[in-house]
Amino acid sequence: MTRHISTALLSVALAACGGPSEPPAPTFPPIDGQAILEHIEVLASDEFEGRAPGMKGEALTVAYLTEQFQKIGLQPGNTDGTFVQKVPLVGITPAEATPMTVSRGSRRVTLKYRDDIAAWTKRVVDAVSIEKSELVFVGYGVQAPEFEWDDYKGLDVKGKTLVMLVNDPPVPDPANPAELDPKVFGGKAMTYYGRWTYKYDIGAEKGAAAVLVVHETGPAGYPFSVVQGNVNEGFDLVMPDKNMGKAAIQAWITLDKAKEIFALAGQDFDKLKQAAVTRDFTPVPLGVTASMSLENTLRTIDSQNVVAKLEGSDPLLKDEYVVLTSHWDHFGRGTPVGGDDIYNGAMDNASGTATLLEIARAFTQVQPPPKRSVLFLAVTAEEFGLLGSRYYAENPIYPLEKTLANVNMDGMNVHGRTTDVVVIGLGASTLDDYVRAVAAEQARVVKPDAEPEKGFYYRSDHFNFAKVWVPALYAESGVDYEGRPAGWGQQKRDEYTATHYHAPSDDVKADWDMRGVMQDAELYLKVSYGVANAATFPEWSPANEFKAKRDEMMRKK
């Protein structure tokens, strides 16, 4: 006999069901942690070869997810009657033709491919090159009028190679110089200006030939070994101009090589880095030139988002949607580490995809059923720039003005139950209220991201929904684990980032404790159900950058 968990879920959800008499509290089936683990073991198995888009692993993954959604009893999520949305991608595998060489007269600094520089191109062409391109240091490469900040100050960068620092400018707080100014670039938190994607985009927008981002592990949030993966096959959406609007070369360079280049230019890297933290900074021509060429192996593929639907029970509301997302892809086969070349991606993100399947199953057993429809969207190519979710956001199957919210899962907690839950971007929208209500029911406290400087809000698929103004939630388990000493949870996070993140060692581990996944899956289930039954749509907070556009969208609804 199936046991159900009763809950006095969310005052917001109960109020949503409204009416003269308050309805009974909904009942939810228990989350099956063993089922989640079994899904992970399949998706992260060597047979699936790391689930790379366009490879054998994609075909196996899409077939598996489709089969599971069908077994659950969900409807095809696409209006064409299928469980897939095709996502046109181009795969680009770069290879060094001539090395990156920085020259000043007869003196040179040569960067070894992969070891010193991870370089690639987004252009859909057979080869790209830069030849004696002038290097200019542009600080953090930020142009942010709202903060009265411009690292370019009228500089014509056409044809030049830009060198810039990772993350936002760490501006000291005038009242407390030991801390960062919370009024500028979010203080400790990373803004979108700090993301490497922004830096490459603005460089291209200004006509740069190449953009070099200096890697530092602390500000980046991950070691150089992670960005070395960019020299394997990378993907992008196929654009009409074949991405010729992008810079010819995008790259990360190591801190040591950056300092060597600055020394060649007669500059002190550390002094210029310090100068870049002020509004008065002006671009610094380095008086050196760079040359490099890459050859590309190209292939175009139709990758696939997998989408399933649970139709809402209310005839008047079933054409409105809550969208749950998780990315199914990882890096496939790559550079061997310890003889292992399969990047299985068990945590990242077989765990999230498996949890999406289990939440979908649970949703079919909730009583009463949700009033609005729920869409379960397993997206492709997250690891290559959030491409699958970007494609859905730009080509939605269901109207964005009828999409209440996105709830995203990326990397689940496999270390046990926590007494806290972290909302990435806490304060962004009223979705936080739903999380607080369910967390209180679980005897957990809601906390902000402890590492906002790493920019997690901009690093997963929910951000593409936010960019088209749909309120989006991305939460994680906290770091305070039941029965563990203080600091243990952060230690496990740091260990994963340093050792297993985007590495072949991201496998299923024997010591995983699935109670943490179950706890968070229950939270996502109840939050999503609350939103699906609510009387009103979630809203962005008054100061949020996406509120004005969302309000305008909803007025036109």
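None of the figures in this text is laboratory data; all of them are computed from the coordinates on show. Computed from a predicted structure; not experimentally measured. Note that we place each Cβ from the backbone using ideal geometry, even for glycine, and neighbour counts take in every protein chain shown.
Expressed per residue, the C-alpha convex hull volume of region 449-557 stands at 154 Å³.
Any chance you could run the full-extension gain for Lys183 through Thr300? It's 0.36 nm times the residue separation minus the Cα-Cα distance, nm to one decimal.
Values: separation 117, 0.36 × 117 = 42.12 nm, distance 4.42 nm.
Value of the extension gain: 37.7 nm.
Rounded if a/c is under 1.5, else prolate if a/b is larger than b/c, else oblate: which is region 41-187, with a ≥ b ≥ c the root eigenvalues of its Cα gyration tensor?
Details: a/c = 2.59, a/b = 1.53, b/c = 1.69.
It comes out oblate by the Cα gyration axes.
Annotation: for a label point projected 7 angstrom from Cα along Cα→Cβ of Asp551, residues of region 410-432 with backbone N closer than 15 Å are 429-430.
For the chain, just say rounded, prolate or oblate: build the C-alpha gyration tensor, square-root its eigenvalues into a ≥ b ≥ c, call rounded for a/c under 1.5, and beyond that prolate if a/b exceeds b/c, oblate if not.
Values: a/c = 1.83, a/b = 1.60, b/c = 1.14.
Note, shape of the chain comes out prolate.
Report the FRET efficiency, 1/(1 + (r/R0)^6), for Ala263 and Leu155, where r is their Cβ-Cβ distance and R0 is 35 Å, rounded to 0.05. Efficiency at R0 = 35 Å is approximately 0.95. Considering only beta bridges that DSSP places wholly inside the chain, some 65 percent are antiparallel. The label-point distance for Asp513 and Ala95, in a model that sets each label 7 Å from Cα toward Cβ, rounds to 4.9 nm.
If you count, for each residue, the other Cβ atoms within 10 Å and average over each peptide, how do 235-247, 174-186 line up from highest to lowest?
Result, highest mean Cβ count within 10 Å first: 235-247, 174-186.
What's the extension gain from Asp270 to Asp314 if we count 0.36 nm per residue and subtract their Cα-Cα distance?
9.7 nm
Can you tell me how region 363-477 classifies by the Cα gyration tensor, rounded, prolate or oblate, using a/c under 1.5 as the rounded cut? Note, shape of region 363-477 comes out oblate.
Charge tally for Thr499 (other residues, Cβ to Cβ under 15 Å; Lys, Arg +1; Asp, Glu -1): -4.
For region 310-363, the set of chymotrypsin sites (Phe, Trp or Tyr not before Pro) satisfying both a DSSP loop assignment and a count of at most 16 other C-beta atoms within 10 Å is empty.
Averaging Cα coordinates gives a centre for region 412-442 and one for region 204-225; these two points are 32 Å apart. From most to least packed by mean Cβ count within 10 Å, the peptides 371-384, 123-136 give 371-384, 123-136.
Determine the distance separating the Cα centre of region 71-110 from the Cα centre of region 318-353; give it in Å without decimals. Going from one Cα centre to the other spans 15 Å. Annotation: peptides 485-491, 191-197, ranked by per-residue average of other Cβ atoms within 10 Å with the highest first, follow the order 191-197, 485-491. Note on the chain: helix-only mean residue ellipticity at 222 nm, from DSSP H runs of 4+ residues weighted -39500 (n - 2.57) and normalised by residue number, equals -7500 deg cm²/dmol.
How high is the FRET efficiency from Ala127 to Thr82, r the C-beta distance, R0 41 Å, rounded to 0.05?
Numbers: r = 38 Å, r/R0 = 0.92.
Computed FRET efficiency for Ala127 and Thr82: 0.60.
With contacts taken as Cα pairs under 8 Å at a separation of at least 6 residues, the chain carries a relative contact order of 21 percent. Relative contact order of region 375-530, please, whole-number percent, based on alpha carbon pairs below 8 angstrom and at least 6 residues apart. Reported as a whole number, the value is 34 percent.
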